[in-house]
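> Below: one structure in structure tokens.
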Amino acid sequence: MGRVIGLTGGIATGKSTVARMLTARGAQLVDADAIVRELQAPGQPLLAEIAAAFGPRVLHGDGSLDRKALGAIVFADAEARALLGRLTGGPVVRELTRRTEEARHSRAPLVIVDIPLFFEGSASGRAAEGRPLPYGVEGVILVYAPEALQIERQMRRDGATALHAAQRLGAQMPIEAKRELADWVIDNSGSLKETERQVEALLTRLGLVPEAAP
């Protein structure tokens, strides 16, 4: 069995980039976002529950989820965000647990459990007073970028206004607070080469010899 480590970040910190670097070097990824998308696909019970709660405005004409429309609702309204969390929490946790256990017993030397809101959930307190971290992870990697850069990247990537970008950041735990909770930090505010150097250095610290990236 390999080591199991959490991976998290914030909006536009580059967590997906670091996840790709880790998988290119031999890690097996359990991706919470991918699980959410599968559970919210047309024909799935969760999508029907979301549509019932938020109305047809969150669906495209073909019946698939309009993530942009749903995001506009939940990022602007804490109650709506909490409701979405209640709907999705149970199914996602169950599937994430199942896949993490399956990956744990694979031959992968490292299993990365990628959860964007790791610290916003029950894990916020870093295993508060000795309580085990969720999913059996031994620690959490944070992909970091300062808030000003998060806003700049959102505006450039998504065409968001500064106000909308700041509003989305306000719906998450501040990145500096996450930095205090993390066991390891990958600073992704510089070049990709520098990020890769940090990823390889961390794998070495963990006793895992990085494989050459393709």
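Every number in this text was worked out from the coordinates using simple rules, so none of it is lab data. All of these numbers come straight from a predicted model, not from anything done at the bench. Note: ideal-geometry Cβ built from the backbone for every residue, glycine included; neighbour counts use all protein chains shown.
> Taking neighbour Cβ counts within 10 Å as the exposure measure, how do His105, His164 sort from fewest upward?
His105, His164
> Tell me, what is the percent relative contact order of the chain, built from C-alpha pairs under 8 Å that lie six or more residues apart?
Dividing the mean separation by the residue count of the chain yields 36 percent.
> Using 1/(1 + (r/R0)^6) with R0 = 25 angstrom and r between the beta carbons of Ser64 and Glu138, what's the FRET efficiency to the nearest 0.05?
Step by step, r from the Cβ atoms, then E = 0.10.
> Quick check on the stretch 39-94: take the gyration tensor over C-alpha atoms, sort the square-rooted eigenvalues as a ≥ b ≥ c, and tell me if it's rounded (a/c under 1.5), prolate or oblate.
Cα axes put the stretch 39-94 in the oblate bin.
> Please report the antiparallel percentage of the DSSP beta bridges confined to the chain, to the nearest 5.
Counting only bridges with both partners in the chain, antiparallel ones make up about 5 percent.
> At 7 Å along the Cα-to-beta-carbon direction for both Ser191 and Gln167, put a label point, then send me their distance in nm to one decimal.
Label at Ser191, label at Gln167, 3.8 nm between them.
> May I pose another question? Going by how many other Cβ atoms sit within 10 Å of their own, how do Thr13, Thr100 line up, fewest first?
Going from least to most buried by this count: Thr100, Thr13.
> If you don't mind, there's one more thing I want to ask. So if each residue of separation counts as 0.36 nm, and I subtract the Cα-Cα distance between Glu49 and Arg37, what length gain in nm does that give?
Result for the pair: 2.9 nm of gain on full extension.
> With Rg and the Kirkwood Rh both taken from Cα atoms, where does Rg over Rh land for the stretch 1-144?
0.99
> How large is the helix-only mean residue ellipticity at 222 nm for the chain, computed as the sum of -39500 (n - 2.57) over DSSP H runs with n ≥ 4, divided by its residue count, in deg cm²/dmol to the nearest 500?
-15500 deg cm²/dmol
> Rounding to the nearest 10 and keeping the result within 0 to 90°, find how far the Cα-based axis of helix 192-205 lies from the longest principal axis of the chain.
It works out to around 60 degrees.
> Also, quick follow-up: Just rank Ser16, Ser191, fewest to most, by other beta-carbon atoms within 10 angstrom.
In increasing order of surrounding Cβ atoms, one gets Ser191, Ser16.
> Which of the GluC sites (Glu not before Pro) across the stretch 58-159 are loop residues per DSSP, with 10 or fewer other Cβ within 10 Å?
Here no loop site has a sparse enough neighbourhood.
> Label Met1 and Asp158 with points 7 Å out from Cα along Cα→Cβ: what is the distance between them in nm?
About 3.7 nm, to one decimal.
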